[in-house]
1. Quick one: of Lys68/Lys190; Lys8/Lys191; Lys37/Lys68, which pairs are farther than 25 Å apart, Cα to Cα?
2. Sticking with the crude label model, points 7 Å out along Cα→Cβ, report the distance from Lys83 to Phe65 in nm, one decimal please.
3. Enter the accessible area of His49 (Å², nearest 10), with the probe set to 1.4 Å and all protein chains included.
4. Heads up, I need the accessible area for Tyr32: 1.4 angstrom probe, whole protein in place, Å², nearest 10.
5. Using 0.36 nm per residue, how much length does the chain from Ile12 to Arg194 gain when fully extended, once their Cα-Cα distance is taken away?
6. By its C-alpha gyration tensor, with a ≥ b ≥ c as the square roots of the eigenvalues, how is the stretch 1-69 shaped: rounded for a/c under 1.5, else prolate for a/b larger than b/c, else oblate?
7. Kindly work out what percent of the DSSP beta bridges joining two residues of the chain are antiparallel, to the nearest 5.
8. Apply the Karplus curve 6.51 cos²θ - 1.76 cosθ + 1.60, θ = phi - 60°, to the phi angles in the stretch 64-77 and return the couplings in whole Hz, x for Gly and Pro.
Amino acid sequence: MIGMLRGKVWEIQGERLVMDVQGTGYLLTVPYGLLAKIHPGQELVVYTHVVMREDDLSLYGFSSFEEKQLFLQMLSVSGIGPKAAISILSTFGAIQIESAIASENLNLLTKVPGIGKKTAQRLILELKEKFKGHNLVSNESGSFSEPLSKPHSEALETLLALGFGLEEARQALSRALKDGGELTTEEQVKKALRFLASGH
């Protein structure tokens, strides 16, 4: 039906945005990482998926084709509906989700609001073979956070959840920590976001 939209952000309504495409306003539910990076009037391209049910017709939007594919793969898992899939994408970036599934990281997946242990186990069971080789976030021991300090790890998770790529998030955090001194997670994220916004 509708695979892609190109237009301007008209307004942001909570977890959704209205996109003006040649005078028609499309209401889209999108991951938080996308909402955090856009503003009214901004030109935008989103990859879309329509969910039709007896009493509902909803349009979901994604910043990349890969993110959309991950959403569809999660929908194929028993017990995962559109709202749960969007919640997962809103909590962690696509690379981190694929990595968590491939490395069977139950602890990370159950941090998502509304995702319990059984649902996380189904995600891993049904999708892990598709993401083998995608374990880009974990180190050799399989631990996500090591060798990063806890605040650094939490800052990285926050940047990934906002939709930034793993490598650019790591580089921005490294620059943020160059000045030395102890920074809280919030301070690290703020400094990293300044570097990311400057494009340098």
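1. Values: Lys68/Lys190 28 Å; Lys8/Lys191 29 Å; Lys37/Lys68 17 Å.
Flagged as over cut-off: Lys68/Lys190; Lys8/Lys191.
2. Taking the two extended label points, one gets 3.2 nm.
3. His49 exposes around 50 Å² with every protein chain in place.
4. We get 120 Å² for Tyr32.
5. 63.2 nm
6. rounded
7. Working: 23 of 25 bridges.
Just about 90 percent of them are antiparallel.
8. Karplus values, whole Hz, x for Gly and Pro: 8, 5, 5, 5, 4, 4, 5, 4, 5, 5, 5, 5, 6, 7.
The values are calculated or read from the model by the stated rules, or taken from the named source; none is laboratory data. Everything numeric here is computed off the predicted structure, so don't read it as measured data. Every residue, glycine as well, gets a Cβ built from its backbone with ideal geometry; the counts of neighbours run over all protein chains shown. The protein model used for the area step is the full one, side chains on, heavy atoms only, and it has no ligands, DNA or RNA in it. Shrake-Rupley method; radii C 1.70, N 1.55, O 1.52, S 1.80 Å.
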